[in-house]
Amino acid sequence: MDFNMKKLVKDAGAAFSRVVQMTEETLGTSGKTEFDAHLEHLAERANATKTWTEKILKNTEAMLTPNPGYRIEDVFYEKIDKKKPNRLSNLEYLGIDMIEAGNDFGPGMAYGSALIKVGQCEQKLGQIMRDFISTAANCYIQPMRKFLDGEMKTISKEMAILETKRLDLDASKRKVRKARSMIGQQSDSSGISPEVMLDQAERELRVAQSEFDRQAEIVKLLLEGVSSSQAGHLRCLHEFVEAQARHYAQCNAVMQDLQRELAGISGASYHPTSDSSSTTNVVENGEDRARVLCDYNARDSSELSVMQDEVIYVREIPGDEDYYKGRRGNQRGKVPKVYLELLITFP
């Protein structure tokens, strides 16, 4: 117990000394060891990555789950490691009411039949939305949160340790300067000569410098890993966009079917709401979308250079089993099939 109390008092004294030291540095009355430019740059980039990831994650969650009460509830269920409640979406509630109203008015009536069909469509849209939310959570939200709760928290912890090592290093430097200023004077009340005090202070300085340098290297390695983490974030972003594209394609298909059915009830002709002319500006006839698996540099003007993870449009080349005809905007050229992965498309 006595040992623990002494250690507690010693740690408290060290913490107080560091607070005083930081205050003196802020006021400009004490010197401060600066981190090297490379480490400072890495730290700035890591802080920017953390800040923007937090903002994007927050807005993504708000977009997927607009109700803040539900978001808080979801976090609670995650903390206690229990399955989230299977809530119906607003679209599904709307669908239920429309179906009940249609049955009340009479399925044999035009309005009642239309209400039932629209209600069923709203239920489908609600289920599609819930599937998209689940997919987005798995492919994007969870990896981003794992990055913030894991890698970034580790970096923050090690950065705090580095700051402590820096304060200890600066304290050792001051102790050495003080000991040198006492050379030639008489021994203090403890009977230790200034020369012995200087030798002891220099030994402490060498230890503090070694610990500071070692911790700085640890922090650099962690900060450099943030750049490689962004490659993983890029893949997650691609998956999120693909999930969103599938979501809207499925919603569009459901609404087109509903328009056809409603046109049949009213006896009117069906006119699709999509603008086919604008669609052909994005996807030409016979084209598919493909993700590039790794960089490929064109060997001549007939080929197209591509970069890993970008998405391009491709079509088959009659009689050629090894190449696709690739397109990126107005650029066209052949790309080896082994460098590409076709993406699933929906009508």
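What follows is calculated from the coordinates using simple rules that are stated; it is not laboratory data. Predicted model only: the values in this text are computed from it and were never measured. No Cβ is skipped: glycine too gets one built from the backbone with ideal geometry, and neighbour counts run over all protein chains shown.
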*asked:* Under a Cβ-only charge scheme (Lys and Arg +1, Asp and Glu -1), can you give me the dipole magnitude of segment 285-342 about the Cα centre, in debye to the nearest 20?
replied: 220 debye
*Charge-dipole axis of segment 285-342 as Lys and Arg at +1 and Asp and Glu at -1 on Cβ define it, positive-most pick from VAL314, LEU293, GLN331*: GLN331
*Can you figure out the FRET efficiency of GLU217 with LEU293, using R₀ = 22 Å and their beta-carbon distance, to the nearest 0.05?*
0.05
*MET182 long-range amide H proximity, modeled H, under 5 Å*: none
*asked:* To make sure I understand, if each residue's beta carbon is the centre and we count other beta carbons within 10 Å, what order do GLU40, GLU122, GLU316, GLU321 fall in, fewest to most?
replied: GLU321, GLU40, GLU316, GLU122
*Would you mind checking which residues have amide H under 5 Å from ILE317's amide H? H placed 1.01 Å from N; only 5 or more apart, or other chain.*
LYS325
*Most exposed first by the Cβ proxy, i.e. fewest other Cβ within 10 Å, how do MET63, MET255, MET197 rank?*
MET63, MET255, MET197
*Simple spin-label estimate for MET307 and GLU54 in nanometres, 7 Å along Cα-Cβ*: 2.9 nm
_Among beta bridges that DSSP assigns inside segment 285-342, antiparallel share in %, nearest 5_ = 95 percent
*Using the structure shown, select from LYS55/LYS173; LYS146/LYS220; LYS58/LYS157; LYS50/LYS84 the pairs with a Cα to Cα distance greater than 32 angstrom.*
LYS55/LYS173
*Return the distance in nm (one decimal) between the two label points of a simple spin-label model at TYR70 and ASP199, each offset 7 Å from Cα along Cα→Cβ.*
7.4 nm
_Nearest-0.05 FRET efficiency for LYS157 and ASP300, computed from C-beta distance (R0 45 Å)_ = 0.30
*Got a sec? How would MET109, MET129 order by Cβ neighbour count within 10 Å, fewest to most?*
MET109, MET129
*Let me know the charge dipole size of segment 18-274 about its Cα centre in debye, to the nearest 20, where only the beta-carbon of Lys, Arg (+1) and Asp, Glu (-1) is charged.*
220 debye
*Which Cα, out of LEU162, GLN142, GLN185, lies furthest along the positive dipole direction of segment 89-247 (beta carbon charges, K/R +1, D/E -1)?*
GLN185
*asked:* Could you give each residue of segment 161-169 its phi-based ³J(HN,Hα) in whole Hz, using Karplus coefficients 6.51, -1.76, 1.60 with θ = phi - 60°, and x for Gly or Pro?
replied: 5, 4, 5, 5, 5, 5, 4, 5, 5
*Using modelled backbone amide H atoms (1.01 Å from N, in-plane), which distant-in-sequence or interchain residues come within less than 5 Å of LEU343's amide H?*
ARG289, ALA290, ARG291
*With θ set to phi - 60°, apply the Karplus curve 6.51 cos²θ - 1.76 cosθ + 1.60 along segment 240-246 and write out the HN-Hα couplings as whole Hz, x wherever there is a Gly or Pro.*
5, 5, 4, 5, 5, 5, 4
